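Read through the structure below, which is laid out as structure tokens, and then see the notes.
The values are calculated or read from the model by the stated rules, or taken from the named source; none is laboratory data. This one's a predicted model, so the numbers in the text were calculated from it and none came from an experiment. Cβ atoms come from the backbone with ideal geometry, glycine included; neighbour counts cover every protein chain shown.
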Amino acid sequence: MSHTYENFDMESIVGFREFIQTNQDLRGLNVTIPYKEKIIPFLDHLNPTAKMIGAVNTIKFLPNGELKGFNTDAFGFRESLTPLLLPYHKRALILGTGGASKAIRYVLDELRIPYTSVSRGSKHNKYLTYSDLNKNIISDHQIIINCTPLGTYPNVDRCPEIPYEHLKAGHLLYDLVYNPEITGFMREGIKNGTTVINGLSMLKFQAEKSWSIWMS
């Protein structure tokens, strides 16, 4: 039996049910930004992990025609992050509060790494804004994770507006963006001698997990 993996662009999640009806040979789907949260009401079941995270990036078509949502982003992030962690990586700063960031927070909770989230225009006291970031905050958070789409091709020169000049060699910068290979966020880290990683390894790990779900 042969399989193909294809891209389906949707201008709006509203057309999802019609899409399913016209593509009945599908075995599963991956879901990307900005639909990882918006897709949930269209699903019949949620895997416990996806339910806890509150975001779905993998959908399995069950034999009875129902749809079940999973989150393999968490698995991909944990597998790619863990080998890079050193004893002095005590706290994390998460840039962005969208669906992609939910899996990141879930993994950091599992790893018992305290974190602070940064939002563009936070209305929540638990979030910082980018204008709040200063030398002390950057120094206190040795892991900085970009969960925003800033820097994605073709807008490769864009990156989150944080005070990069306060980065030190002990920082670890993780960019969920994987195209381009070296993002603007990562370049700023490299200038300051930090460890950097893009989202390609996370993508590969989550893809392998998604495939095992579809084939099970």
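Conditions (1) assigned to a strand (DSSP E or B); (2) not charged (D, E, K, R), marked per residue:
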position	(1), (2)
THR97	no, yes
ALA100	no, yes
ILE104	no, yes
ASP109	no, no
ILE138	no, yes
ILE144	yes, yes
PRO154	no, yes
PRO160	no, yes
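The condition of being out of contact with any Gly (no Cβ under 6 Å at 6 or more places or on another chain), of a type outside the set (Ser, Thr, Tyr), touching a residue at least 12 places away in the same chain (Cβ under 8 Å) and surrounded by fewer than 23 Cβ atoms within 10 Å (Cβ to Cβ) holds for only one of PRO34, PRO48, that being PRO34.
When the criteria are applied in full, GLY65 meets the requirement of being assigned to a loop (DSSP other than H, G, I, E, B) and of a type outside the set (Phe, Trp, Tyr).
Screening the stretch 94-106 for residues that are surrounded by fewer than 22 Cβ atoms within 10 Å (Cβ to Cβ) and not basic (Lys, Arg) and picking the one that is modelled with the lowest pLDDT gives GLY98. Only one entry of LYS51, LYS60, LYS36 meets the criterion of being over 30 Å from HIS141 (Cα atoms), basic (Lys, Arg) and either under 22 Å from the mean Cα position of the chain (by Cα) or modelled with pLDDT under 95 (or both), and that entry is LYS60.
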